[in-house]
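**Student:** Handing you this structure, nothing more for now.
The values are calculated or read from the model by the stated rules, or taken from the named source; none is laboratory data. Since the structure is predicted, the reported quantities are computational estimates derived from the model, not experimental observations. For neighbour counting, all protein chains shown are included, and Cβ atoms are generated from backbone atoms with ideal geometry for every residue, glycine included.
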Amino acid sequence: MLNSNLLRKLDMQDLMVFVAIYEQSSVTEASETLCVSQSTVSYCLKKLRTSFEDELFINTRNAMWPTSKATSMYSHVTHIINSINLCHSEAKAFDPTQKEITFNICAPEYFELLILPNLLKGFIKDNLPIIVNTHKFHKDVPVEKLVDGRIDLVICAGPNFHQDAKGFKSKILLDDDLVCVVDKRFTPPDNKFNLETFVARQHIFPTPWTSDTNMVDGWLGKQGYTRQIVARTNSYVAALKMINGTDLVLTLPRRIQRLIGDETRFVSCKAPAGLPSFTIDMLWDRNAGQNSANTWLREQIAKVCA
C-alpha cells in the first residue's frame, strides 16, 4: 500500500523525469534526453513536488540542484525503473557471487587513492570474485573504448572539463576544492596565500592524468598571472615528498591532502581566493546503462563515495 493517496497520481514518466533532472541538472536537457517537451517535464516536476511534498530541485542560475530529499530518493527511484526494465525484458539481475568478472575503469590517481581501496575492501568482505583493472586517464575521454565496452566506466574531473563526454550518461560522485601544502618551516603568514605570494613561490605540479592545461594555471592566466613550476610528477605522493625541506608549494585536492598529508612535516594552507573547485564525475555509455553488471558496479562506487 502507498503511504499517501497523492502517490497514486504518479506514473513512470514522472519517475523518468525525476531521474533525468537529477542526472542532467536541467529541465531543458532532461526534455532532450527523454524526447519530450519542456512543458511536459515541468508538468511532471509539478506532480512530483506535490506527491512528495518537497521542492525536490532548486532552480539556480547554473543548474537545478537536488534537495536532500531528492538526493535520498534518487537510488530508490532508479531502482524502481531498473526493476521495471527487468520485468519487461525478463532479464536476470547481476549476481556478483556467481562467477568471476573483470571491470575495466579508466580513472586518474584520485580514484585509485580515495575510492578504489574502499571499493575493494567491500568486495573482499563479501567474498566477491571481482577484478578491477584501472586504466590511466589521459587527455581525453576514451570515447571508442567506452562505446564498444572495452572500458566499463570513466572517472574524470568536472564539471564540463571534457567536451567529448557530453554524449554519455554521467553522475557526480564527489565535490572537492584545492589547498596549498608546504613544509612546516616555510608556512606563509596566517596559513594562507594570496595571488602575489602564491606566484612568488616555486611550485611542484602533480600530473595524475595527461593534459595540456590544468585548472590552476588556466585560472591564473585569466587573472594575468603565471607560476614557476620546477618539477612535474606522475603522482600526488611523489609530489608531496619533493616539497619536504624546501619552500616549494604543492597544490592538492583537499580530500587527497587529508588522505596522504603528514601533519608532522607539512601544513595545509588556504589557496588564493577564487581558485576554482571541481567535481569527480562518473561516465558510462547509454547502452551499458542497461547492463545489470554495469549498473551494479556504479551503485557500489556511489555507495563508497556517499
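**Student:** Only residues that are hydroxyl-bearing (S, T, Y) and in contact (Cβ under 8 Å) with a residue 60 or more places away in the chain: list them for segment 58-78, please.
**Tutor:** Residues of segment 58-78 that are hydroxyl-bearing (S, T, Y), as a first pass: 60, 67-68, 71-72, 74-75, 78.
Passing the criteria: only S75.
**Student:** Filter segment 1-23 for residues that are more than 14 Å from C44 (Cβ to Cβ) and under 19 Å from the mean Cα position of the chain (by Cα) and give the result.
**Tutor:** E23
**Student:** I need a count of the residues in segment 244-264 that are under 21 Å from N194 (Cα atoms) and over 28 Å from the mean Cα position of the chain (by Cα).
**Tutor:** Total meeting the criteria: 3.
**Student:** Hey, another quick one. Kindly indicate whether any position in segment 235-250 is closer than 25 Å to F161 by Cα and among the acidic types (D, E).
**Tutor:** no
**Student:** If a residue counts only when it is assigned by TED's automatic domain parsing to the domain that holds P108, which strands (runs of 3 or more DSSP E) contained entirely in segment 186-278 have at least 2 such residues?
**Tutor:** So the answer is none; nothing clears 2.
**Student:** May I pose another question? Inside segment 175-204, can you point out the residues that are under 22 Å from the mean Cα position of the chain (by Cα) and buried (at least 17 other Cβ atoms within 10 Å of the Cβ)?
**Tutor:** Correct list: D176, L178, V179, C180.
**Student:** Give me the pairs: first residue in segment 119-148 and of a type in the set (D, E), second residue assigned to a loop (DSSP other than H, G, I, E, B) and surrounded by 13 or more Cβ atoms within 10 Å (Cβ to Cβ), beta-carbon distance under 7 Å, and six or more apart or on different chains, which are they?
**Tutor:** Between residues of segment 119-148 that are of a type in the set (D, E) and residues that are assigned to a loop (DSSP other than H, G, I, E, B) and surrounded by 13 or more Cβ atoms within 10 Å (Cβ to Cβ), the close pairs are D140/H162.
**Student:** While we're looking at this one, here's another question. Is it the case that N82 is touching a helix residue (DSSP H, G or I) at 6+ places or on another chain (Cβ under 8 Å), in contact (Cβ under 8 Å) with a residue 60 or more places away in the chain and not assigned by TED's automatic domain parsing to the domain that holds K169?
**Tutor:** So N82 passes the test.
**Student:** For segment 270-295, how many residues meet the condition of being over 22 Å from P142 (Cβ atoms) and crowded, with 17+ Cβ neighbours inside 10 Å?
**Tutor:** In the first step, residues of segment 270-295 are kept if they are over 22 Å from P142 (Cβ atoms); the result is 270-277, 292.
Next, from what is left, pick out any that are crowded, with 17+ Cβ neighbours inside 10 Å: 271-272, 275.
So the count comes out to 3.
**Student:** Return yes or no: is R298 under 19 Å from the mean Cα position of the chain (by Cα) and without any contact (Cβ under 8 Å) to a residue 24 or more places away in the chain?
**Tutor:** Here the answer is no, as R298 does not meet what is asked.
**Student:** With respect to R298, determine if the residue is in the same structural domain as G122 (by TED's automatic domain parsing) and in a loop (DSSP other than H, G, I, E, B). Talk me through it step by step, then tell me what you get.
**Tutor:** Numbers: in the same structural domain as G122 (by TED's automatic domain parsing): yes; in a loop (DSSP other than H, G, I, E, B): no.
No; evaluated as a whole, the condition is false for this residue.
**Student:** Condition first: touching a Leu at 6+ places or on another chain (Cβ under 9 Å), surrounded by fewer than 16 Cβ atoms within 10 Å (Cβ to Cβ) and polar (S, T, N, Q). Can you find one or more residues in segment 246-261 that meet it?
**Tutor:** So far as segment 246-261 goes, no, none of its residues is touching a Leu at 6+ places or on another chain (Cβ under 9 Å), surrounded by fewer than 16 Cβ atoms within 10 Å (Cβ to Cβ) and polar (S, T, N, Q).
**Student:** Scan S25, S39, S51 and give me the residue that is farther than 19 Å from K171 by Cβ and buried (at least 17 other Cβ atoms within 10 Å of the Cβ).
**Tutor:** S51
**Student:** Scanning for something assigned to a loop (DSSP other than H, G, I, E, B), more than 22 Å from L259 (Cβ to Cβ) and not acidic (D, E), does segment 98-108 turn up at least one residue?
**Tutor:** Yes: segment 98-108 contains one or more residues that are assigned to a loop (DSSP other than H, G, I, E, B), more than 22 Å from L259 (Cβ to Cβ) and not acidic (D, E).
**Student:** Could I ask something else about it? Within segment 116-168, count every residue that is assigned to a loop (DSSP other than H, G, I, E, B), surrounded by 15 or more Cβ atoms within 10 Å (Cβ to Cβ) and in contact with a Phe, Trp or Tyr (Cβ under 7 Å, 6 or more places away or on another chain).
**Tutor:** 3
**Student:** Let me ask something else about it. Can we say V267 is hydrophobic (A, V, I, L, M, F, W, C), over 21 Å from K136 (Cβ atoms), surrounded by 14 or more Cβ atoms within 10 Å (Cβ to Cβ) and touching a strand residue (DSSP E or B) at 6+ places or on another chain (Cβ under 9 Å)?
**Tutor:** Yes, satisfied.
**Student:** For the condition in the same structural domain as N234 (by TED's automatic domain parsing) and of a type in the set (A, V, I, L, M), what is the one hit in V182, V147, V132, V154?
**Tutor:** On the way: V147 fails: in the same structural domain as N234 (by TED's automatic domain parsing); V132 fails: in the same structural domain as N234 (by TED's automatic domain parsing); V154 fails: in the same structural domain as N234 (by TED's automatic domain parsing).
The match here is V182.
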